[in-house]
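So the structure is just underneath, and the comments pick up after that.
The values are calculated or read from the model by the stated rules, or taken from the named source; none is laboratory data. Since this is a predicted model, take the numbers as computed values, not measurements. Neighbour counts are summed over all protein chains in view; Cβ atoms, including those assigned to glycine, are modelled from backbone coordinates with ideal geometry.
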Amino acid sequence: MEYDFESIEKKWQAYWAKNQTFKVENDSDKPKYYILDMFPYPSGAGLHVGHPLGYIASDIFARYKRHKGYNVLHPQGYDSFGLPAEQYAIETGQHPAKTTKENISRYRVQLDQMGFSFDWSRELRTSSPDFYKWTQWIFLLLFEHYYCKTINKALPITNLISNFEKEGNYFVNAVCSPGTENFTADQWLKFSKVKKEEILLNYRLTYLSNTEVNWCADLGTVLANSEVINGVSERGGYPVTKKKMRQWSMRICAYAERLLSDLDKIDWPDSLKEMQRNWIGKSIGAKVLFQIEGFDQKIEVFTTRPDTLFGVTFMTLAPELDIVKTITHEEQKNEVNNYVEQTQQRSQRERMSDIKSITGVFTGSYVLHPFTGERIPIWIGDYVLADYGTGAVMAVPCGDQRDYDFAKKFNIPIKNIFKGISIDKEAYVNKENTIIDNSDFLTNLNCPDAMSRIIEELENKECGEGTINYRLRDAIFSRQRYWGEPIPIYHKDKLPQPLNLDDLPLKLPDVENYLPTREGFPPLGNAHKWAWDTESRTVVENEKIDNKKVFPLELNTMPVWAGSSWYFYRYMDPYNSDTFVGEKAMNYWQDVDLYLGGSEHATSHLFYSRFWQKFLFDLKLLPVDEYAKKLINQGMILGNSAFIFRKPGTQEYFSKDLLDSVEDYDPIRVDVSLVNLSDELDIDRLRMWQKQFDTAKFKMKNGVFKVGREVEKMSKSKFNVVNPDRICEKYGADTLRMYEMFLGPIEQAKPWNTSGITGVHNFLKKYLRLFYAENRWIVNDKEPNKKELKILHETIKRVSIDIENFSFNTCVSSFMICVNELTSLNCHSREILTPLTLLLSPFAPHLAEEVWEKLGNKTTIVYNSFPEVNESYLVEDTKNYPVSFNGKMRFTINLSLNLDQDAIKKVILEDLRTTEYLQGKTPKKWIIVPNKIINIVF
RNA sequence: GCCUCGGUGGCGGAAUUGGUAGACGCGCUGGAUUCAAAAUCCAGUUCUUUUGGGAGUGUGGGUUCGAUUCCCACCCGAGGUACCA
């Protein structure tokens, strides 16, 4: 029988769909297991071969867990809000809801084609109002809570208000925005309603503040950092500037410590946890207040090295700080303004990356050293970032290389405060075994002692204190976009007012134009019907705004990470209209047992979702404070882009093997589907593909045009997307599934290359030939021999271990070895082939089901048990070779001999006596590694 | 720049705690079968060589009887870097 994968796969996919084979109930006698994939963004390019990598792995594991007797929840959905759909809408005027729906249909067809065992009855979409109703609800919860530092959890804002009424905010230990003023209970009671609201906003877990965005005036929109290249927009090359806007933020910093310490609770990759730790960036040190000479103000700095306080010789501020304007002296004004302007044009990343150019300007002002009273000049420099710490650093050139280089460049004195250490050439950054010098009361102390002493003194003098700083910043939550969840807030007296749960969902209004308004308001500003009637509690036309009962609604929308921060709970109970997840479903499923997704989400989705989880846990809405017990990162699949080479200013293109004869050339990307496996370009199809090649001349060698190749991220814009559809057509889904697993370790990024796919396809054909030959069913009921049983049980053992360790590539190898061996032994025994089929079914489910049925089984393979290893078949027969010798004085001893060391030595010496190697010498040294190798030194 | 990961034949990749580097697959070479091709099967395949051997896991050092594995420095590639998803 030929391997007719097409009809086999169609047959079983239809069977699974018809019987709802993978539908799972919210209760069962079996233990539960929740396997989650990161849901895809449905882009217009369709699913490419990179998407299924993680889905195949999780599907294999889900099928394996079902075999092992678990009630497996394995859902899928779509992260369907996002920028590309909106950009497409701006270009074509099509509503994002329409294109998103079309894209989802295409994705679904492609996903089904690969035979995934998703429970599609639970599908969800973040852009559906039934779903985002609850995203909006969580936003409101965050708005109605603050973070109490005493008991370390979120509490209702009403608690805070009653505290204020009793004792003001002097004794309230809560996380608030910097610069929040202090007040007594009496003062609070006398504050106006507006003032009270303003103060509360400083405590709410989601709040309004002024933050910077990338503004592109020519495109009339805000850009993501990734859309900005060298200070201009990627599309069109228009200038981009920084603009301050009043935006919603999430007080994620309140959870910094818990987000850090709870990493120890979860089985996530160490590298990813390390990234999150560094992202939080906890550092212990002190804040120090410096009085500005001639001003009433102080500058606060954070330092991890307060022990070097007496080495300070200047201070550097971030150029964009407001205080810079205040303190700049008249004669420095021009220089400072120019510098600030220059800084505005550089991105933060540029400023951080550039360590070679040292720039800065003196402001003309001084601060006073808190202990010596010395005048310390205040500079500004773009290596200091406004949103890290306080945006000000005390510069200690002897102890910090950056400060050292700055001081050298601008001839600022460098004071040495380290005993016996030369700082002629570079700063001394070490703090171990270092004694402080020239530092008043710190002189002769070592660094740790100096650290605690100075903090004590700072606190006594009330000009500083020991403190912990985090690099983490609060998360900006506003987007000036159309295609996102509306923020359920209206504005009354310039203050935000929340809607109620009953008012939700607040549905996205229709607009005629998806760009921001002419006045620069977000796209929702184009909606005619976007005002809130507080009486009828409905959305009404903007004309009705009257300052009494109808008010404008919020124009910003939520970021993409909002929906993805909690979606995994909705799968448990996707149709519940009373609550975000029903109690019964929540108690049964609890959390995700295994989460699969890319490490590129390490400090975004995988971080924000932990934050929301902890918040909802504080409110007792969720049973656990970490949602995913185990996480596996799958590596990205890289595309193999194709290039042709154009002579600048001409329409002449050169084949890759002619480049030696060309002086200069521009590489131009062409679609990889126009190139065959030998890198030869189909020029006729290229001309059809893009108009620009109509008049092109192609210089080729021997009648063949070869392209250049480069490996990069698979992306529609790089024309290197490989679609799984064709491979499914040519080789079948089972081959694609096994091949993607065979490509390499699941966590590693790897280039897509189909040249090896025939090997996997041949394996499946070979596997089938164990059952059929020459159109005949050849499975027999012969008792298998020892050798065959050994092969089977070795394979069961290897495959089971490999699946548990997610080592799917070596697992596929084990299958290949097994089938090769059984083939060469001419083994067609039912007793061997039946368990082998079960073993293979997570990888090649369609073929396995087909064979399973032909073997006479009436049930589907899905809920069958998994074969167990019988170790007794694996015992080695060892008598034949006790000692082997490879000529390098190295011996392998088979361990099942179980000899002790002296016995091993005796065996070897006896063996050597008969060889030419010993020649009367006695060994000087023996190295005997149990189970391994023995080296003898003469 | 910073954080995280990776670098092994012509290619994708194997290699328990440091112990015979190159499993398995692709490709290539030769053979069988065939009128021929496809398919299939068998054998070989790190490089080099004077056929004794020598070299070899990005580069340069180090630790060790022994290093792909551990340590130090560097080079190259990928992902993230706070509004792509």
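Things worth noting here:
- Of all residues in segment A:615-651, those that are under 29 Å from A:Phe806 (Cα atoms) and among the small types (Gly, Ala, Ser) total 3.
- Of the criteria (1) in contact (Cβ under 8 Å) with a residue 60 or more places away in the chain; (2) within 16 Å of RNA strand B (Cβ to nearest atom); (3) in a helix (DSSP H, G or I), which one A:Phe615 fails: (2)
- Residue under evaluation A:Asn820, criteria (1) within 16 Å of RNA strand B (Cβ to nearest atom); (2) in contact with a helix residue (DSSP H, G or I) (Cβ under 7 Å, 6 or more places away or on another chain); (3) more than 20 Å from A:Gly732 (Cβ to Cβ), criterion not met: (2)
- Any pair with Cβ under 6 angstrom, 6 or more apart, that starts in segment A:325-344 at a residue that is on the phi < 0 side of the Ramachandran plot and ends at one that is surrounded by fewer than 18 Cβ atoms within 10 Å (Cβ to Cβ) and outside any helix (DSSP H, G or I): A:His329/A:Gly364; A:Gln332/A:Gly364; A:Gln344/A:Lys242
- Contact annotation: residue pairs with Cβ atoms under 8 Å, 6 or more positions apart or on different chains, pairing a residue in segment A:257-275 that is modelled with pLDDT of 95 or more with a partner that is surrounded by fewer than 17 Cβ atoms within 10 Å (Cβ to Cβ) and in a helix (DSSP H, G or I), are A:Leu260/A:Arg277; A:Leu263/A:Arg277.
- For segment A:587-612, a residue qualifies if it is farther than 18 Å from A:His74 by Cβ, assigned to a helix (DSSP H, G or I) and not charged (D, E, K, R), and the qualifying residues are A:Asn587, A:Ser599, A:His601, A:His605, A:Leu606, A:Phe607, A:Tyr608, A:Ser609, A:Phe611, A:Trp612.
- Taking the criterion of being farther than 19 Å from A:Gln291 by Cβ, touching a residue at least 24 places away in the same chain (Cβ under 8 Å) and charged (D, E, K, R), the residues of segment A:374-410 that qualify are A:Asp382, A:Asp387, A:Asp400, A:Arg402, A:Asp403, A:Asp405, A:Lys409.
- Count - residues of segment A:41-75 that are part of a loop (DSSP other than H, G, I, E, B) and surrounded by fewer than 23 Cβ atoms within 10 Å (Cβ to Cβ): 11
- In segment A:768-782, of all residues being within 16 Å of RNA strand B (Cβ to nearest atom) and assigned to a strand (DSSP E or B), the one that is nearest to A:Gly50 (Cα to Cα) corresponds to A:Tyr772.
- Per the listing A:Lys614, A:Lys620, the residue uniquely buried (at least 19 other Cβ atoms within 10 Å of the Cβ) and among the basic types (Lys, Arg) is A:Lys614.
- Check on A:Leu272, under 20 Å from A:Tyr388 (Cα atoms), within 16 Å of RNA strand B (Cβ to nearest atom), in a helix (DSSP H, G or I) and within 19 Å of the chain's Cα centre (by Cα): no
- Residues that are surrounded by 12 or more Cβ atoms within 10 Å (Cβ to Cβ) and among the hydroxyl-bearing types (Ser, Thr, Tyr), drawn from segment A:412-453: A:Tyr428, A:Thr434, A:Ser439, A:Thr443, A:Ser452
- Residue within segment A:227-240 that is touching a strand residue (DSSP E or B) at 6+ places or on another chain (Cβ under 6 Å), at pLDDT 85 or above and near RNA strand B (Cβ under 9 Å from one of its atoms) present: no
- For the residues A:Leu160, A:Leu208, A:Leu219, the requirement of being under 20 Å from A:Ala475 (Cα atoms) and not β-branched (Val, Ile, Thr) singles out A:Leu208.
So that you can scan it fast, the table gives a plain yes or no per residue for (1) near RNA strand B (Cβ under 10 Å from one of its atoms); (2) surrounded by 13 or more Cβ atoms within 10 Å (Cβ to Cβ); (3) modelled with pLDDT under 90:
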{"position": "A:Asn753", "(1), (2), (3)": "yes, yes, yes"}
{"position": "A:Gly756", "(1), (2), (3)": "yes, no, yes"}
{"position": "A:Lys766", "(1), (2), (3)": "yes, yes, no"}
{"position": "A:Pro784", "(1), (2), (3)": "no, yes, no"}
{"position": "A:Ile801", "(1), (2), (3)": "yes, yes, no"}
{"position": "A:Met816", "(1), (2), (3)": "yes, yes, no"}
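- Total residues in segment A:454-487 satisfying the condition of being of a type in the set (Lys, Arg) and surrounded by 22 or more Cβ atoms within 10 Å (Cβ to Cβ): the figure is 2.
- Segment A:474-522 - residue that is within 16 Å of RNA strand B (Cβ to nearest atom) and among the aromatic types (Phe, Trp, Tyr) and, of those, nearest to A:Thr135 (Cα to Cα): A:Phe477
- Test: residue in segment A:273-280 that is among the acidic types (Asp, Glu), crowded, with 20+ Cβ neighbours inside 10 Å and more than 19 Å from A:Val361 (Cβ to Cβ): no
- Look at (1) in contact with a strand residue (DSSP E or B) (Cβ under 8 Å, 6 or more places away or on another chain); (2) modelled with pLDDT under 95; (3) closer than 20 Å to A:His605 by Cα; (4) not basic (Lys, Arg) and you find that A:Ser43 fails only one, number (1).
- Some residue of segment A:81-103 being away from RNA strand B (no atom under 13 Å from the Cβ), under 23 Å from A:Leu631 (Cβ atoms) and surrounded by fewer than 23 Cβ atoms within 10 Å (Cβ to Cβ): no
- Test for A:Gln20: is it farther than 18 Å from A:Phe806 by Cα and within 16 Å of RNA strand B (Cβ to nearest atom): no
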